[in-house]
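The values are calculated or read from the model by the stated rules, or taken from the named source; none is laboratory data. Model, not experiment: these values are computed from the prediction. All Cβ positions, even for glycine, are placed from backbone atoms using ideal geometry, and neighbour counts span all protein chains on display.
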């Protein structure tokens with residue numbers, strides 16, 4: 001398995017992950033009722049994240065930040081009546097990063113672990129749809145559109161959504177495309193070109209969902225942008 | 001090592017998620033997986049025309065909201081319902097300029113060839129157009 005960042009330092013990716021995680025942590029903490037325990041948990045997690053990003057005992061500090069975020073996210077889920085899945089992407093990526101860190105000293109392992117964990121969420125989503133039977137042929141997508149779109153929307157996107165709602169074959173086509181892109185997410189892990197291709201497909205999928213329904217998975221999109229393309233990160237000194 | 005890690009994390013995450021369900025950071029992401037033949041949204045109905053609820057303020061409603069259970073299995077989206085009904089509660093009032101507005105659940109019933117639309121009365125209210 002080759003990475004687009006081979007020969008480059010992954011430290012900037014660790015910072016990207018830590019910053020996105022910190023942003024989500026603050027959003028979750030802000031949505032909870034303000035209490036000394038919530039503030040203490042958040043502050044500790046933020047300190048742990050800084051240590052993680054700076055490479056100080058990253059396995060320990062990263063695991064601490066993830067555990068504390070898990071507690072806050074569960075509290076938020078209890079308060080909101082269910083889990084908020086858009087909060088998960090950064091936690092998933094940190095989990096994968098920590099798996100890679102635990103496994104060895106190859107600088108690529110955390111980055112590949114994070115990518116694998118992120119892709120697992122798409123495979124998970126596809127498997128869930130397959131387990132529910134004839135998902136693509138059902139009206140699930142159309143039901144989602146009518147629930148999320150305003151009835152008085154006369155914009156171009158509104159017309160597009162209405163077209164999908166009123167034309168079963170169009171909805172089916174989009175549903176099958178969703179299944180293929182999600183189930184094929186494992187291809188992302190094969191190599192740099194596959195990563196760029198499938199990362200772009202997943203970004204298009206997220207943007208399409210966002211434009212049609214207003215459901216934005218910002219963290220997943222930011223992570224896909226950071227992980228999928230061969231950004232000119234600093235070279236690793238002494239490496240080939 | 002890299003391939004084993006990638007495969008291990010991918011399969012491991014999926015397996016753990018299906019074992020524990022939704023425990024951060026694990027989830028089966030099944031929120032849009034349920035099959036259905038209908039969808040719905042709560043809207044405001046004035047003289048037979050439907051509009052978005054946030055087009056109105058100063059809401060005053062009679063009784064408790066009805067659930068529409070008698071209409072059979074209706075697919076609802078809790079966060080969206082909560083947001084719409086939250087608007088009604090957050091913009092309660094008693095303006096003399098209020099007109100009769102019905103809160104209805106608009107239901108779209110889908111088949112391969114057609115979409116059938118029906119409304120189920122949730123609550124009779126009075127409100128002021130913004």
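Annotations
- Residue within segment A:134-152 that is assigned to a helix (DSSP H, G or I) and more than 9 Å from chain B (Cβ to nearest Cβ) present: no
- Every residue from segment B:84-108 that is buried (at least 19 other Cβ atoms within 10 Å of the Cβ) and either in contact (Cβ under 8 Å) with a residue 60 or more places away in the chain or part of a loop (DSSP other than H, G, I, E, B) (or both): B:103, B:104, B:105, B:107, B:108
- Residue within segment B:48-57 that is in contact with a strand residue (DSSP E or B) (Cβ under 7 Å, 6 or more places away or on another chain), within 7 Å of chain A (Cβ to nearest Cβ), touching a residue at least 12 places away in the same chain (Cβ under 8 Å) and more than 28 Å from residue A:123 (Cα to Cα) present: yes
- Of the candidates A:43, A:31, A:102, the single residue that is without any contact (Cβ under 8 Å) to a residue 12 or more places away in the chain and surrounded by fewer than 18 Cβ atoms within 10 Å (Cβ to Cβ) is A:43.
- The test for being more than 10 Å from chain A (Cβ to nearest Cβ), modelled with pLDDT of 90 or more and not in a helix (DSSP H, G or I) does not hold for residue B:40.
- When residues of segment B:25-37 are limited to those that are within 7 Å of chain A (Cβ to nearest Cβ) and more than 27 Å from residue B:85 (Cβ to Cβ), the one modelled with the lowest pLDDT: B:28
- Residues of segment A:84-105 include none that is over 18 Å from residue A:66 (Cα atoms), within 17 Å of the chain's Cα centre (by Cα) and more than 7 Å from every other protein chain (Cβ to nearest Cβ).
- Scanning segment B:43-72 for residues that are more than 22 Å from residue A:151 (Cβ to Cβ) and outside any strand (DSSP E or B) yields B:62, B:63, B:64, B:69, B:70.
- Across segment B:58-78, not a single residue is classified as modelled with pLDDT of 90 or more and at the interface with chain A (Cβ under 7 Å from one of its Cβ atoms).
- Boolean, residue B:55 is surrounded by fewer than 18 Cβ atoms within 10 Å (Cβ to Cβ) and within 25 Å of residue B:113 (Cβ to Cβ): no
- Segment B:1-22: number of residues that are surrounded by 15 or more Cβ atoms within 10 Å (Cβ to Cβ) and either within 30 Å of residue B:118 (Cα to Cα) or facing chain A (nearest Cβ under 7 Å) (or both): 9
- Across segment B:79-110, the number of residues qualifying as at the interface with chain A (Cβ under 8 Å from one of its Cβ atoms) and more than 13 Å from the chain's Cα centre (by Cα) comes to 1.
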